[in-house]
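Read the figures in this text as sums done on the coordinates, not as results from a lab. All values derive from a computational prediction rather than experimental measurement. Backbone-built Cβ (ideal geometry, glycine too); neighbour counts: all protein chains shown.
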Amino acid sequence: MNTGRPLLSVCRRGVLGLLAGGSLAALAPAVRAQAARGAGRAGLNIGIIGAGNIGGTLAGLWVKAGHRVMLSSRHPEQLKGLAERLGPLASVGTPAEAAAFGDAVLVAIPYGSYPQLGRSLGGALAGKVVLDAGNPTSSRGPELADEARASGIGPTSRKYLGNPRLVRAFSNLGSGVLAREANRPPPRLAMPILGDDREALELASRLVSDAGFDPVIIGTLERAPDTSMGGSLSGVQTTAAELRRRLGLN
Ligand SMILES: NC(=O)c1ccc[n+]([C@@H]2O[C@H](COP(=O)([O-])OP(=O)(O)OC[C@H]3O[C@@H](n4cnc5c(N)ncnc54)[C@H](OP(=O)(O)O)[C@@H]3O)[C@@H](O)[C@H]2O)c1
């Protein structure tokens, strides 16, 4: 299908300058389907793996924006109350069901649990657009924190999550800040995101925007430490314009 509509039109202006243009026909089939839905601004399906502080907060924001979310964890039965409070756009499943459900998947579990999650999913995230919010920390998975330091957070996340199209997002601000500041009157709060895959970044930009923040693509996964716990952008609450100025982006 070639709608002639640039994929970039699904994203907010301002993010666009950092990306090259491209038509839907030029994209891989999975992303083309995602983009086609995005072009009509129909709600997307978002799988949420880990529905705690971060996952639960973002689920609420995405439902508010009209997206369908599937909440999951190792104990999905415990998420039924949250899904009921979120309404008919929210459902509950296993992590494998959430992975299959999502046009995009948010992973928001303790970083030390990534290997277990990856094993349990058996490759279900391969090629999926995954928003990775996890922070490698010594307290929640010391071995993996060491590996992430040595090999890079992006490669480590990709390895254990089974080679998804990875975007780092929502890792630099606390869930309380996300809940409080989402959709604030302009200028909205900036959300730095990064990744190596242009189309995945486009989709992630839309989801960041729909959650109520201004996405700023700050680079490739090599910069992941900047937005992770202890990084230079950790806890930084600022506008997109100020963030771009600070980082020397356009
Ligand atoms: N909290 C914040 O403000 C914040 C900010 C930025 C980044 N982060 C990062 O985001 C991630 C999540 O943090 P959080 O505070 O939201 O954690 P949380 O409140 O403890 O929630 C974690 C969720 O993950 C699920 N889970 C744990 N292990 C799992 C597994 N192996 N498979 C599937 N689901 C699993 C848990 O449910 P079950 O135990 O029932 O499976 C729970 O729903 C962490 O990596 C953290 O570093 C957190």
Exercise for review: For A124, list long-range residues whose amide hydrogen, built 1.01 Å from N in the peptide plane, is under 5 Å from its own amide hydrogen.
Suggested key: none
Check your understanding: Mind checking the dipole of the stretch 7-247: about its Cα centre, +1 per Lys or Arg Cβ, -1 per Asp or Glu Cβ, Debye to the nearest 20?
Key -> 480 debye
Exercise for review: Per residue of the stretch 176-188, in order, report the coupling 6.51 cos²θ - 1.76 cosθ + 1.60 (Karplus, θ = phi - 60°) as ³J(HN,Hα) in whole Hz, putting x for Gly and Pro.
Suggested key: x, 5, 4, 5, 6, 9, 4, 6, 5, x, x, x, 6
Practice item. Using amide H atoms built 1.01 Å from N in the peptide plane, name the residues 5+ places from R74, or on other chains, whose amide H lies under 5 Å from its own. Key: none
Revision key, fill the gap. Amide H neighbours of D214 at under 5 Å, excluding residues fewer than 5 places away on the same chain, with H built from the backbone geometry, are L189, A190, M191
Study note, to complete from the structure: Whole-Hz Karplus couplings 3J(HN,Hα) for the stretch 135-140, θ = phi - 60° and coefficients 6.51, -1.76, 1.60, Gly and Pro as x, run 10, x, 9, 5, 6, 10
Revision key, fill the gap. Expected vector for the stretch 218-223, Karplus 3J(HN,Hα) from phi with 6.51, -1.76, 1.60 and θ = phi - 60°, integer Hz, x for Gly and Pro, equals 9, x, 8, 4, 4, 8
